[in-house]
Amino acid sequence: MAKKDIHPKYYPKATINCSCGAKFVVGSTEEKMQIEICSQCHPLYTGKQKFIDTAGRLERYEKRVKKSKALKDSKIKAKKKKTSKTKIKKTEKVLKKKKTKKS
């Protein structure tokens, strides 16, 4: 037997509304629920492709990818630039040492 006053209220005829317009009646601890996708509009069940972008998630993801790629490219360019400068300096040092040895 369940203890009193510790369990949430159970609604045997709770309604679930999908964004596609489908409505379901089920038992739940919430009287009304709003969902984005259900068995009547899910691509797995319907066989149709459906694009779902909630609150611009795709745009935020693409922006983040572009930013990380730009940062990576700038690091690579900086590293190449630094590497070429150090190679030039090392070459100059070697040439100076050779000149001083010959003299």
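Each reported figure results from applying straightforward, stated rules to the coordinates on display, with no laboratory input. No experiment lies behind these values; they were computed from the predicted model shown. As a convention, Cβ positions derive from the backbone with ideal geometry for all residues, glycine included, and neighbour counts pool all protein chains shown.
List of remarks:
- Once both labels are positioned 7 Å from their Cα atoms along Cα-to-Cβ, the gap between residue 62 and residue 22 label points is 2.9 nm.
- The DSSP beta bridges internal to segment 7-48 are antiparallel in roughly 55% of cases.
- Compared with the rule-of-thumb size 2.2 N^0.38 Å for a compact globular protein, segment 7-48 has a Cα radius of gyration ratio of 1.32.
- For the pair residue 10 and residue 42, a Förster radius of 30 Å applied to the C-beta separation gives a FRET efficiency near 0.65, rounded to the nearest 0.05.
- Highest to lowest packing among 55-68, 16-29, scored as the average C-beta count within 10 Å: 16-29, 55-68
- Cα-Cα pairs of the chain separated by more than 16 Å (percent): 79
- Against the chain, whose longest principal axis comes from its Cα atoms, helix 57-102 is set at around 10 degrees.
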